[in-house]
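Each remark here refers to the structure printed beneath this line.
The values are calculated or read from the model by the stated rules, or taken from the named source; none is laboratory data. Please read these numbers as outputs of a predicted model, since none were measured by experiment. Positions of Cβ are backbone-derived with ideal geometry, glycine not excepted, and every protein chain shown enters the neighbour counts. Note: accessible area is taken over every heavy atom of the protein model, side chains too, but ligands, DNA and RNA are not part of it. Shrake-Rupley method; radii C 1.70, N 1.55, O 1.52, S 1.80 Å.
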Amino acid sequence: MASDFAMSVPSDLESALRMKTMRFLVTHRPWLDLYGINVRPVAPFGSASSRPHVDHALIHRTLPDELLYEVFARMTPYDLGRASCVCRKWRYTIRNPVFWRNICLKAWQVSGMVENYKILQSNYDGSWRKMWLLRPRVRTDGFYVSRNTYIRAGVAEWKVTNPVHLVCYFRYLKFFPSGRFLYKNSSQKIKEVAKCMNFRASKADCVFKGHYTLSDDKVEAAVLYPGLRPTVLRIRLRLRGTTAGANNRMDLLSLVTSGVNDTEVGGPEEDILGVVEGWEDDETHNPDVPAVSHKRGMKPFVFVPFEEVEKSVLNLPVEKMDYYVSG
């Protein structure tokens, strides 16, 4: 009896010590419940220390979790992505679905809350973050720019050569979550146009207001050119990205101008997209303004964030931008 008891005690102690060590080797991280709560580094291999971990980072010792949450709640989605690379605690905190729910509902507010919840459950397994990364969306934190060029014949000088000119112009789009957008066609560089691309722009700035809708990856937009013969510009675009979730490219599928009647247009603030919805490409409601499907200037749009406007390569002169490919 004594020998059996003496043999069983060391094995129990050894098993208990092994379990105590494994408690620090295996980090308890339930992915749906953790989100930054009690996140501690894993103890070194073989360590059986039960002392609580002290976070040596000064910001974590001085900034309460409540204030850190408020800071993250006011960040833009792309700043949240950068902040998640700082440390493990920030990464798991930023995975909180509350942040991504608010971001998604703001980005697709035109679809409505009920429709967004249906899409969330049916296509993205209830994950707001997955929905943000995979669902096509129009970016509102910058400009979409299409750079176009064409050759124009010049005036012959001294009857020796026939000069040609390389003409460069840009199409600018600035979208808003409310379903409105701004359009400008100009030869000015993006750093100059960015100063006037707002709803307070004067008529001299030639910034036109319009409305758009997003269906899957297709964008339908319309802009009204006011005047004696009101003309509507209808734009069809397709969203894509160079990486998952980037949405930094737009392919221009069609560009059509048509005439509208004075009775159909109530004012510059009217939703002109609802007026021309369902029109054919060759349809016009004003015989003085025929429908024209444009084939020139159909280069893809490239997205430029606000913080990169001043240093964008699109500000370079024509002779240095002849190699530019939008991708």
Practice problem: Sum up the charges of everything whose Cβ sits under 11 Å from the Cβ of R236, counting Lys and Arg as +1 and Asp and Glu as -1, but leave R236 out. | Solution: 0
Practice problem: Beyond 18 Å, what share of the Cα-Cα pairs of the stretch 198-327 is found? Please give it as a whole percent. | Solution: 63
Self-check item: Order of exposure, largest accessible area first, which applies to F176, F306 with probe 1.4 Å
Solution: F306, F176
Exercise. Place the peptides 84-90, 136-142 in order of packing, highest mean first, counting for every residue the other Cβ atoms within 10 Å and averaging per peptide.
Key: 136-142, 84-90
Practice problem: List the relative contact order of the stretch 214-281 as a percent without decimals, with contacts defined as Cα pairs under 8 Å and 6+ residues apart. | Solution: 28
Practice problem: Would you mind counting up the charge near V309? Only other residues with Cβ under 12 Å from its Cβ, with Lys and Arg at +1 and Asp and Glu at -1. | Solution: 0
Exercise. Go through K106/K218; K184/K320; K209/K320 and tell me which ones have a Cα-Cα distance over 26 Å in this structure.
Key: K209/K320
Practice problem: Using a Förster distance of 56 angstrom, determine the FRET efficiency expected from the C-beta separation of M75 and H165, and round it to 0.05. | Solution: 0.75
Practice problem: State, to one decimal in nm², a quarter of the convex hull surface area for the C-alpha atoms of the stretch 205-279, i.e. the direction-averaged projected area. | Solution: 6.0
